[in-house]
Each structure stands twice: as structure tokens, then as C-alpha cells.
Amino acid sequence: MPEGTVKQGIGASVRRKEDKRFLIGKGNYTDDINRAGQLHVYFLRSPVAFADIVSIDKQKAEKASGVVAILTGEDVAADNLGGPICGWVPTNKDGSAPSEPPHPILANGRVRYVGDHVAAVFAETLEQAMSAAELIDVTYSEMPAITDLKTAMDKPQIHDGMENNTYFDWELGDEAATNDAFDKAATIVKVDIRNNRVIPNAMEPRAAVADYDTGDERYTLFTTSQNPQLTRLVIGAFMLNIPESKLRVVAPDVGGGFGSKIYVYPEEAVCVWASKKLRRAVKWTADRTQAFLGDAHGRDHISDVKLALDKNNRITGLRVDTLANLGAYLSAFAMVTPTYLHGTLLSGVYDIPAIYTNVKGICTNTVNVDAYRGAGRPEATYLLERTMDVAAKQVGMDPAEFRRLNFIPKDAFPYQTAVALQYDVGDYEPLLDRAMAMIDYKNFENRRAKSAKNGKCRGIGMSTYIEACGIAPSAVVGALGGRVGLYESAVVRVDPTGTISVLTGTHSHGQGHDTTFAQLVCDKLGVDIEAVEIVHGDSDRTAFGMGTYGSRSLAVGGTAISKALDKVIAKGKIIAAHMLEAADADIEFKDGKFTVTGTDREKSFGEIALSAYVPHNFPHDRLEPGLEETSFYDPLNFTYPSGTHIAEVEIDPATGVVELMDWVCCDDFGNLINPMVVEGQVHGGIAQGVGQALYEEAAYNDNGQLLSASYMDYCMPRADHFPSLKVENLVTACTHNDLGVKGCGEAGAIASPPAVINAVVDALSPLGVTDITMPATPQKVWQAIQSAQTKAAE
Amino acid sequence: MYSTKYVKAKDIDDAATIMASAEDGKFLAGGMTLIPTLKQRLANPDCLVDLSACGLSAIADDGSAIRVGAMTRHVEVAESALVQKTIPAVADLAGHIGDRQVRNCGTIGGSLANNDPAACYPAALLALGGTVHTQSRSIAAEDYFDGMFETTLEEDEVIREVSLPKPEKAAYVKFPNPASRYAMVGVFVAKFADGVRVAVTGAGEDGVFRASDLEAALDANFSADAIADGTVSADGLMSDIHASAEYRAHLIGEMTRRAVTACG
């Protein structure tokens, strides 16, 4: 790294540049944006889970004060509009294509979940729109709701023609070899896994402001998106038939996404559509209830897991049969999340010769389910890491040593798993060793005994996870049914005075890109961080890019920036060679200066920039003027962050309350650009994973009503639930990107749930408890203790 | 919320007069339940009668009891030297309602008038055998609560103050709902010279109630050991996604043991 820039370059914990504007209230969110003459839209949502719409009487509502228009599914059909599309469609195991039933942006004839969009009411004020919505008289012919994942396949069709309410039936791996492993196994371990359904709960609810300019016949959509370019493509080309060049999509400051803001939902499209139809700008901001009932939920799997071991306790086979609840309609990445982002991770960090998995994607009368922080990888990690603990117990080994025995050895890389992925690099034992040392694993039994003296049950649990990040090599994605490329774009625009704008196709909604990406520039160009602006989120300004999810922004987007910076330096060298009358090969660039090797003849970066734009003394025969370079980087492989997380809990058996006592983790994210930002990402991820493990559950009743549709009933993790988290890193650099980085955004959420549940089960095992499902609420823990004691008494 | 008329009453009689003239008015005390209800359009009153200028917030020593004005905010009760000295359990209870923002707005009168089945104050009033004083009468705690969200207050009756008798010992222990932090089970134990009173909130299908089995056990032996498992029946207890009736019954016993221990 260039001398003098270490405080701002790669490896420096630079304070986040973007925080000032957030802290002084100068953030600019979608709801802060208002357009002249805008209308407000309120969506009338279905109060029932499954019904045919017999009639919609909107006459009274249309006459209500301030109402401009009321649009329904009939208007959508009349204008021949498309619905949200599925972006990645795997093939069924019999070779056929999965079902993709239509998803009209306003329900046409049938509603399929509580919250489904029935009508859009446009009025001068939001209050007027809400009041008018109450006057719409909808007659429903109700059908029994289908909410139970296990029995949904046997129920009537939610979408006409979609048999067994099954979107897809997919498989991966070698079934014959796996069967063979079980036939020869010395030990077979069976575990039933339920991965609970959770609600993303980004702090900022979704919002949209759409404006149609009748002059240049162009739309502008401001919206809460993790990937505005993709939103433009989907709304323009697939939903509303708008030429892409006539639609500008801007995602300004966005307050968290966690996956839920990847997808295009009906509301945003309705705003765009209506802005032209009504010749007025249209604004919509979800309230929290709409967020609970409308944002795609996460997880919701049931899996039967079987693990085969040989007589030496080495894993020889794994079989996983999963039902994934995808909800009433297919969301953009609903199909890839439980398949290629799940099945491919089933080898974990272990050397498993034979793996087979079958996943069925099931339709129910519930909110759509899609990728949520980790997306498939947390589900795979949870089932595998729970199974590792159950297996260790069954064969009488310490869970750490059982894992160690089965780790992929460090000399086995690149390692080809039995489920398609090839891990480029990793070294798992040092991560385990370090985490065990951090928590003083060997003296745990002393702490357990001490807690027992106070009437508390103490337990320890670990998770040695891996994830596939840096999503993703486009050719691989395409071969597996993806309908998008997953490269990333970067434009490095050097101004005449040497200040720099980086236009990235990723989007920052809490990740700190303004800082991390600027550090890449400081490191390469030797400029001060204040000279660097990161631009994202505006389709009129940035090149086409794929946005932020899948821990991809640094590994893919950052690499694109790095490559564009290299092009800037290469061009700068030729300009410098010309100005210094030297050969290109004699120019070196270091610390922000172009120097003729071995001399003191030099030009500063600023001088070269000026020369590029005031090209009086310039190699016109070789170069165009200007200093702006673009890179589209398509990764060669996924990246594979890994690590060990260990949780220690104390349980009050009298109430069932679980308290987190200690948390350590040692992660390998490859090289770190800003360790402080990375630590923050890990903290947030752990908190979300702990939320899933102990507190959060989207609960439906038999009628398809979401019982946990507010914070009165949906429990979020709170700061006082956590001990101080001890976060450390070890590094094996990624072998296939310039920065050697792997990504860190999802790791905490992937690693933490099994560590928590393993610790809870460990704490309760002296009482005879062998399993508990997430979330391990006080009631559930208490009931588990009661059942175990009843069983013991029999 | 729907549009509505807002009136700030000058005193308690003015409040009652305004309410009598409204078709479907609501008294606005701290607003910690009413305002969210309005915002969600779950209520549509034609008039809000604000009680904040009625001079109803004061805490006074009344010999064998303390008197707390209806508009006294939770934070004022929690921080009152008088309450801390005479009935520390009530100060402690008030200091753990909701969060800081709620405690800075919410009032004892509002809580008791709303009678949320998971609110804390009803347990204190009932266990202490307190009295609710309105502009026209005094209502003993036993005669005041009338089921979930219901009281025996008349439509235009305003709580003026509450008197809370001083016990020998008392403690309130709450098991908060993990999500809402309201009481999933809250037990107020009060020991008087003439016996022990135990009131339970958060658990009963009809709201706050006295647990006579627990009172009898503690009358005989005022110690945590007196509460055996299974003392409390699950009959009549609420069941929801957070807690079954059986779990609530267990927690009532456990919280009672902890309250007795806390009494010292």
C-alpha cells in the first residue's frame, strides 16, 4: 500500500463518510421527496387469505372528497400490464420448467393472501385516499386458507393449473451414491429441521414517488431499492412496456434492505403506471403494517436431514429433503434461494463425498417469501450445523472435535464439493482454534457448574460455517437458470483538478460503501479521501449494474472499481511518459506521483488529470483526451467466507428465558478494506441471526391471518439482549479477485442461528432436552423442559 | 387518523361537561394507548377532551395511604421520594412501564381508565385495595374493574385521583411479553396487617384479578416456599402465541415467589 495513505487506504478503520449526513438529519430518503402536484395512493388490501372477488363497488368511493381515481385489476388487465417476474428459474428434476403463475399488480378475480392488492386509491391527500378506500365495497367468496407447509400439496389449487401447489421440484447431487453411503454407514443420524419464517423489518419501510414528464415523455421513479438498475429493467421491459431510456430510477438514501428491497413489488409499478395515466406525480409510503403484510418474508423451510458416518465417524453421505414455503406468488429470487443458494452449500466446511438434496417450492396463502440476509445459505448452514451437533452427541464426540475430524483439509483446495461448488481457498482449523481460545472453551464445564449453583442452565454451542458470496459468475448463473448476469460496473471519473467520482452499479443502504469504496481509490491513487465521491443509485448517472445483495458489493463491485482504477493509472502513465519525455515502461506510479524510474522527474496525479482535460502537451497520436475509465467485472467464481462462531447461553429453567452470556467469532473474509465497517456488519448479522434463533417468528393462524403483524407481537432483537460481541478475523485471500476479498455482509446472520440453538440444547441437555425449534422463546424452552421431565418420570 | 375535534378542558367539571355534550368523545390523558389507536383508525371519536390542564397531577401523603392525581405521569411516580419511601413497589412498577418516552407521557389515571389486561397499574390498585376517586364518587378497587378494557366508570366520569393504602411490605414482579414488553404476567404482592393480597395482571381472560389460592397460601406462610407448583390453575387464563394458559399459570406462581422474596 502506498506510504502516507495507510490511514485512509486498504486496512484502515476510517470513520464512515456517510454518517455525518445521517447524524445531522440530512439524509435524503424516498419519503423526503415530494413532487409538484403529487397525488397520494393508498392500497386497499385483502382482509382474507384466499377468495374469489365477486364484485368491487367503487362508486361511493370515487365520489369521496379529494379522490382522483381508483384503479383495480380490471384496469391492469385492460392496459395489458405484466407482473413482477422471477429472475432465476431452476429446472425441475424431471427436466420440465417450474410453474410461474401470473402475479397481477392489482388482484384480478382472486386474492391469495391477506394483504394482496385489491385496489389503488389516488387522492389529493393520503387521509382522503384512506377514507375513500373504506367506502369501496368488495364482495369476496372465501375459500379455506392454505397455510400449512406440510399439507399444502394436498389442498385445492391456489393458482389454476398449478398442480399440488408446487412451483418446482428440484434436485441436486448424486442420489445413487448417497443411497450407497447410507447402505454402508456405521451410523445414521436423522434430524428434523424447521427454519422459522421471519420478517425483514428494514427500519425504513418501502416507498415510491413516480413522476411522468409530459414534455420529454419520460418517467422518474424514486424508490427504496437495493438495485435501481434492475428495477428499471423489470418495470420497463417486463411490467409496463416502457423503453428503458424513458424510465429513470433513483434509489436515494435507503434505510436497510436485508433482501426485501431487491424485488420489484406491485406498489412501485402502480405508481409509475398511474403517473402517466393520471398525469400527476404519485407518492406511496408503506406504514409498518403494510411492511409486515407486503414485504417479502424470509426462510420458512422444513427439512428432513440424514447424515451417514463410517466407523471412524467420518461423514460419508448427506441427504436433505426440503419443503420451502414460497408464499402466494413468486418473488424475484424466490426459486433460486432454496435451490442454488441452498443446496449448493450443503457440504459446509466438510469433506462429504456424497450428497443428495430434493427441494420442493410450495405455494401457500401467505406473503411471498424470498431472499433475506443470507438467502438460502442460512437455511443450509442451520440444518447442517444442527445436524453436526446431533451427530457428535450420537457418537459421543465433542462437537468441536467431530467438526475438526470432518473439515476439508487446508491442502485440499481448490476443493470440489459434491454439490457443484468449487471452493478456491480456506483454512478452517485455525478459525475454530482461535474462537475456542477466545471463549476459553476448555474451561466451559467450570462455568456450567458455577451457573448451576445459581439455578441456571449454561450451554455452549458453535457453528463452523461457510457461505458462497460475491454473487456471481454470470456464465454459471446462466447455466443454472438465472435470467440475469451478475457482473458489476464501475466508472472512475477523474475531474480536471484531480478530484474523483466513482459511479458504482451497487447500492449502499447501510453497508458504508461511501467509505469502503473511497478507501480503494485512496489506496490506488494516493489521493485524500475527501477528494473522492461515491455515486450510486441513479440510473441516469451510473452504468448498468446489478445492485447490492449476496455480499457482492466489494468482491464484485469493488473489483470493478479496482480494475477501472488500474485503467486510469495505465492511461496516466502514458500521459506522464509523454510529458516527461520518457518511455512508458520507465514510468512508475506510487504515492500519487508518476515518476521516471530512478530519477526525481515526476508529475503529480493532479497534473496528469489537468493535462488530460487541457491537452495542450498530450500524446494525441496515442490517446483520447479525458481521464474516465469504465470496468464491467464478471467474477470467475463465488467467494467463500468461512468462520467459527461460538455462543454461550444461560437459561433460567423456572421461566425458560435464554440469556446470551458470551459471543465470540473468528471469521475469514479474505482481505479487509475497513475493519471497523466489517465488524459492524458482523454485529448486525449476528443480531439478526440471534433474532431468528430466539425471538422472531411470522406466525399465521389457520385462516391465513398474520398474527404477528406488529411490534406488539413480533419480537425484534434489542441491544440489551446482547453481551459485548468479540469479533476477530484470520485471512486467506480470495484467489480470483484483485482485492483478495470475500464479503462479510451476511456472515453473522448465516453463522449465528445454529450456534444459539446448539448452545440452548447443550444447556438443556442435562434436563433431557434433545432438540428445540427456532425461535427458542421462553414458552418453548419451558415447555421443552416440562416435556423432558414428564418423559423422564414415565 | 380521522379528523376530530380537540378541546383542552379547564378543570375536571369542565371536562365532564364537554364530554356530556359530545356524541362519542374520549378523554385524552397521556394518550399512550389512545393516540396509536387513533393513528391506526381503530377509533373515531368526534371529540378529544384533553385533561392535561385540569390540575390533576400531584402526589400527597394521606396518612395510611398515598393519593396520586390521575394525570400524574409514570416518571413522576417512579421518581417521587414519597412513593419510594412509602410504597417502593409502586415506584418500581411505574419505573418499568413501557420505555422512557411512554413514562414521560403516560399517566396513572389513563392506565386505570383504559384497564388494558396487560397493564401494570391495575395490579397495584387491586393488590393494595386502593380507591379510585372521580368527580362524583369513590370506587373501591374491587368494584372498579369490570373485565378487559372495561371499568365501572360512567361515560362522562373522570378519575380525579387514586388512593393507595400503605402496606407493610409489597413487591411487583413482571414477566414482560417478549415483543411488546407489556406484562405477560405481572404479580403484585402486598402484605397488610390483616392479610396478604395478590393481584395478577397480563394473564386473566377478564383482566386483572386477585389470586385467592396464593393469598391463602401466603396468609398461612409468607414465604416463597409456600407457593407450590400447580397452586395456580390455568382456568380463565389467556392463551396466545406468546404464552399458553398453562405457561401463564406457571409464571404466576414463579413471579409470586419472586415478589415474596423481593418483599424481604
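The values are calculated or read from the model by the stated rules, or taken from the named source; none is laboratory data. Because the structure is predicted, anything quoted here is derived from the model rather than measured. Counting neighbours? That spans all protein chains shown, and the Cβs are built from the backbone with ideal geometry, glycine included.
Listed here are the residues, each with its yes/no results for (1) within 14 Å of chain A (Cβ to nearest Cβ); (2) aliphatic (A, V, I, L, M); (3) in contact with an Asp or Glu (Cβ under 8 Å, 6 or more places away or on another chain); (4) surrounded by fewer than 19 Cβ atoms within 10 Å (Cβ to Cβ).
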{"site": "B:T4", "(1), (2), (3), (4)": "yes, no, yes, yes"}
{"site": "B:G30", "(1), (2), (3), (4)": "no, no, no, no"}
{"site": "B:Q40", "(1), (2), (3), (4)": "yes, no, no, yes"}
{"site": "B:D61", "(1), (2), (3), (4)": "no, no, no, yes"}
{"site": "B:A70", "(1), (2), (3), (4)": "no, yes, yes, no"}
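Take the residues in segment A:644-659 that are among the small types (G, A, S) and on the phi < 0 side of the Ramachandran plot; name whichever of them is nearest to the other protein chains (Cβ to nearest Cβ).
Just the residues of segment A:644-659 that are among the small types (G, A, S), to begin with: A:647, A:654, A:656.
Filter once more, keeping what is on the phi < 0 side of the Ramachandran plot: A:647, A:654.
Working: A:A647: 18, A:A654: 5 Å.
Top of the filtered list is A:A654.
What's the number of the only condition in (1) within 14 Å of another protein chain (Cβ to nearest Cβ); (2) of a type outside the set (D, E); (3) free of Cβ contacts under 8 Å to residues at least 60 places away in the same chain that A:L623 fails to meet?
Answer for A:L623: the failing condition is (1).
Restricted to segment B:228-253, and to residues that are without any contact (Cβ under 8 Å) to a residue 40 or more places away in the chain and within 9 Å of chain A (Cβ to nearest Cβ), which residue is nearest to B:A118 (Cα to Cα)?
My answer is B:D240.
For segment B:190-200, name all the residues that are more than 18 Å from B:Y247 (Cα to Cα), buried (at least 24 other Cβ atoms within 10 Å of the Cβ) and either within 14 Å of the chain's Cα centre (by Cα) or among the aromatic types (F, W, Y) (or both).
At the first step, the residues of segment B:190-200 found to be more than 18 Å from B:Y247 (Cα to Cα) are B:190-198.
Going one step further and asking which of them are buried (at least 24 other Cβ atoms within 10 Å of the Cβ), we end up with B:190, B:196-198.
Once the filter is applied, which keeps residues that are more than 18 Å from B:Y247 (Cα to Cα), buried (at least 24 other Cβ atoms within 10 Å of the Cβ) and either within 14 Å of the chain's Cα centre (by Cα) or among the aromatic types (F, W, Y) (or both), segment B:190-200 yields only B:V198.
Is there any pair linking a residue in segment A:773-794 that is closer than 19 Å to B:I252 by Cβ to one that is of a type in the set (A, V, I, L, M, F, W, C) and in a helix (DSSP H, G or I), with Cβ under 8 Å and at least six apart or on different chains, and which?
Pairs found: A:T777/A:L694; A:V781/A:V760; A:V781/A:L764; A:I785/A:L764; A:I785/A:L767.
Check A:A132 against each of (1) surrounded by 24 or more Cβ atoms within 10 Å (Cβ to Cβ); (2) part of a loop (DSSP other than H, G, I, E, B) and name the one condition it does not meet.
Among (1) surrounded by 24 or more Cβ atoms within 10 Å (Cβ to Cβ); (2) part of a loop (DSSP other than H, G, I, E, B), A:A132 violates only (2).
Provide a single number: the residues in segment B:42-51 that are hydrophobic (A, V, I, L, M, F, W, C), within 12 Å of chain A (Cβ to nearest Cβ) and touching a Phe, Trp or Tyr at 6+ places or on another chain (Cβ under 6 Å).
First pass over segment B:42-51, keeping only residues hydrophobic (A, V, I, L, M, F, W, C): B:42-43, B:47-49, B:51.
If we keep only those that are within 12 Å of chain A (Cβ to nearest Cβ) too, we end up with B:42.
When the remaining residues are screened for being touching a Phe, Trp or Tyr at 6+ places or on another chain (Cβ under 6 Å), the result is none.
Residues that pass the stated criteria total 0.
Could you name every one of the strands (runs of 3 or more DSSP E) located completely within segment A:600-654 that has at least 1 residues being farther than 30 Å from A:L432 by Cα? Full working, then the answer.
On the way: elements: A:602-604, A:628-633, A:642-652.
The strands (runs of 3 or more DSSP E) meeting that bar are A:602-604, A:628-633.
Only one residue in A:D702, A:D662 is assigned to a strand (DSSP E or B), surrounded by fewer than 23 Cβ atoms within 10 Å (Cβ to Cβ) and of a type in the set (D, E, K, R). Which one? Please lay out each step first, then the result.
Details: A:D702 fails: assigned to a strand (DSSP E or B).
Of the residues listed, the single one that is assigned to a strand (DSSP E or B), surrounded by fewer than 23 Cβ atoms within 10 Å (Cβ to Cβ) and of a type in the set (D, E, K, R) is A:D662.
For A:D116, only one of the following conditions fails: (1) touching a Leu at 6+ places or on another chain (Cβ under 8 Å); (2) buried (at least 21 other Cβ atoms within 10 Å of the Cβ); (3) within 24 Å of A:F168 (Cα to Cα). What is its number?
(1)
Taking the residues in segment A:568-594 that are β-branched (V, I, T) and either touching a Cys at 6+ places or on another chain (Cβ under 8 Å) or farther than 21 Å from A:G9 by Cα (or both) as candidates, determine which candidate is surrounded by the fewest Cβ atoms within 10 Å (Cβ to Cβ).
Here is the first cut: in segment A:568-594, the residues β-branched (V, I, T) are A:568-569, A:574-575, A:587.
Keeping just the survivors that are either touching a Cys at 6+ places or on another chain (Cβ under 8 Å) or farther than 21 Å from A:G9 by Cα (or both) gives A:574-575, A:587.
On the way: A:I574: 17, A:I575: 25, A:I587: 24.
The selected residue is A:I574.
Table: residues versus (1) more than 14 Å from chain B (Cβ to nearest Cβ); (2) touching a Gly at 6+ places or on another chain (Cβ under 7 Å); (3) modelled with pLDDT of 95 or more.
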site	(1), (2), (3)
A:K603	yes, no, yes
A:G606	yes, yes, yes
A:A612	yes, yes, yes
A:P635	yes, yes, yes
A:M661	yes, no, yes
A:C666	yes, yes, yes
A:M676	yes, no, yes
A:Q681	yes, yes, yes
A:Q692	no, no, yes
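Test B:G98 against the stated conditions and say whether it is in a loop (DSSP other than H, G, I, E, B) and touching a Gly at 6+ places or on another chain (Cβ under 7 Å). Break it down stepwise before answering.
Working: in a loop (DSSP other than H, G, I, E, B): yes; touching a Gly at 6+ places or on another chain (Cβ under 7 Å): yes.
Spelling it out, B:G98 is indeed in a loop (DSSP other than H, G, I, E, B) and touching a Gly at 6+ places or on another chain (Cβ under 7 Å).
Taking the stated definitions as given, is A:V649 surrounded by fewer than 17 Cβ atoms within 10 Å (Cβ to Cβ) and of a type in the set (V, I, T)? Show your work before the answer.
Working: surrounded by fewer than 17 Cβ atoms within 10 Å (Cβ to Cβ): no; of a type in the set (V, I, T): yes.
Against the criterion (surrounded by fewer than 17 Cβ atoms within 10 Å (Cβ to Cβ) and of a type in the set (V, I, T)), A:V649 does not qualify.
Applying the selection to segment A:392-413, what residues are within 30 Å of the chain's Cα centre (by Cα), more than 18 Å from A:A763 (Cβ to Cβ) and touching a residue at least 24 places away in the same chain (Cβ under 8 Å)?
From segment A:392-413, those within 30 Å of the chain's Cα centre (by Cα) are A:399-400, A:403-404, A:406-410, A:412-413; that's our starting set.
With the extra rule that they be more than 18 Å from A:A763 (Cβ to Cβ), the set shrinks to A:403-404, A:406-410, A:412-413.
A:R403, A:R404, A:N406, A:F407, A:I408, A:P409, A:A412 - these are the residues of segment A:392-413 that are within 30 Å of the chain's Cα centre (by Cα), more than 18 Å from A:A763 (Cβ to Cβ) and touching a residue at least 24 places away in the same chain (Cβ under 8 Å).
Residues of segment B:227-257 being farther than 16 Å from A:A654 by Cβ and aliphatic (A, V, I, L, M), which ones?
To start, the set of residues in segment B:227-257 that are farther than 16 Å from A:A654 by Cβ comprises B:233-242, B:244-245.
Listed by number, the residues that qualify are B:A234, B:L237, B:M238, B:I241, B:A245.
Is it fair to say B:Y172 is aromatic (F, W, Y) and in contact with a Cys (Cβ under 8 Å, 6 or more places away or on another chain)?
Working: aromatic (F, W, Y): yes; in contact with a Cys (Cβ under 8 Å, 6 or more places away or on another chain): yes.
Spelling it out, B:Y172 is indeed aromatic (F, W, Y) and in contact with a Cys (Cβ under 8 Å, 6 or more places away or on another chain).
Looking at this structure, is B:T86 among the polar types (S, T, N, Q), over 18 Å from B:Q135 (Cβ atoms), outside the structural domain of B:A193 (by TED's automatic domain parsing) and touching a helix residue (DSSP H, G or I) at 6+ places or on another chain (Cβ under 7 Å)? Walk me through how you get there before you give the answer.
Working: among the polar types (S, T, N, Q): yes; over 18 Å from B:Q135 (Cβ atoms): yes; outside the structural domain of B:A193 (by TED's automatic domain parsing): yes; touching a helix residue (DSSP H, G or I) at 6+ places or on another chain (Cβ under 7 Å): no.
When the stated conditions are applied, B:T86 does not pass them.
Tell me, which helices (runs of 4 or more DSSP H) wholly within segment A:443-558 include 2 or more residues that are of a type outside the set (D, E, K, R), outside the structural domain of A:D591 (by TED's automatic domain parsing) and out of contact with any Lys or Arg (no Cβ under 9 Å at 6 or more places or on another chain)?
Result: A:474-479.
Take segment A:717-744 and flag every residue that is within 14 Å of another protein chain (Cβ to nearest Cβ) and either surrounded by fewer than 16 Cβ atoms within 10 Å (Cβ to Cβ) or of a type in the set (S, T, N, Q) (or both).
Within segment A:717-744, A:R718, A:A719, A:D720 qualify.
Going by the conditions given, is A:K93 outside any loop (DSSP other than H, G, I, E, B) and of a type in the set (K, R)? Give the steps one after another, and end with the answer.
Numbers: outside any loop (DSSP other than H, G, I, E, B): no; of a type in the set (K, R): yes.
Judged against the criteria, A:K93 is not a match.
With the condition kept exactly as written, say whether any residue in segment A:306-315 is more than 30 Å from A:M388 (Cα to Cα), more than 20 Å from the chain's Cα centre (by Cα), buried (at least 21 other Cβ atoms within 10 Å of the Cβ) and not hydroxyl-bearing (S, T, Y). Write out each step before concluding.
Taking segment A:306-315 first, the residues more than 30 Å from A:M388 (Cα to Cα) are none.
No, every residue in segment A:306-315 fails to be more than 30 Å from A:M388 (Cα to Cα), more than 20 Å from the chain's Cα centre (by Cα), buried (at least 21 other Cβ atoms within 10 Å of the Cβ) and not hydroxyl-bearing (S, T, Y).
Taking segment A:773-794 only, how many residues are hydrophobic (A, V, I, L, M, F, W, C) and either buried (at least 20 other Cβ atoms within 10 Å of the Cβ) or within 11 Å of chain B (Cβ to nearest Cβ) (or both)?
Applying the first criterion (hydrophobic (A, V, I, L, M, F, W, C)) to segment A:773-794 yields A:774, A:776, A:781-782, A:784-785, A:788, A:792-793.
Those left that are additionally either buried (at least 20 other Cβ atoms within 10 Å of the Cβ) or within 11 Å of chain B (Cβ to nearest Cβ) (or both): A:774, A:776, A:781-782, A:784-785.
Summing the residues that are hydrophobic (A, V, I, L, M, F, W, C) and either buried (at least 20 other Cβ atoms within 10 Å of the Cβ) or within 11 Å of chain B (Cβ to nearest Cβ) (or both) in segment A:773-794 gives 6.
Being hydrophobic (A, V, I, L, M, F, W, C) and not in a loop (DSSP other than H, G, I, E, B) is the filter here, so list the residues in segment A:338-368 that pass it. First the steps, then the outcome.
Step one: of segment A:338-368, the residues hydrophobic (A, V, I, L, M, F, W, C) are A:341, A:345-346, A:349, A:352, A:354-355, A:359, A:362-363, A:367.
Residues satisfying the conditions are A:L345, A:I355, A:V359, A:I362.
Of everything in segment A:746-771, what is surrounded by fewer than 20 Cβ atoms within 10 Å (Cβ to Cβ) and not in a helix (DSSP H, G or I)? Give them in sequence order.
Restricting attention to segment A:746-771, the residues satisfying the condition of being surrounded by fewer than 20 Cβ atoms within 10 Å (Cβ to Cβ) are A:765-768, A:770-771.
Across segment A:746-771, the qualifying residues are A:G768, A:T770, A:D771.
Which one is nearest to B:D206 (Cα to Cα) among residues in segment B:73-126 that are under 13 Å from the mean Cα position of the chain (by Cα) and of a type in the set (S, T, N, Q)?
The qualifying residue nearest to B:D206 (Cα to Cα) is B:N115.
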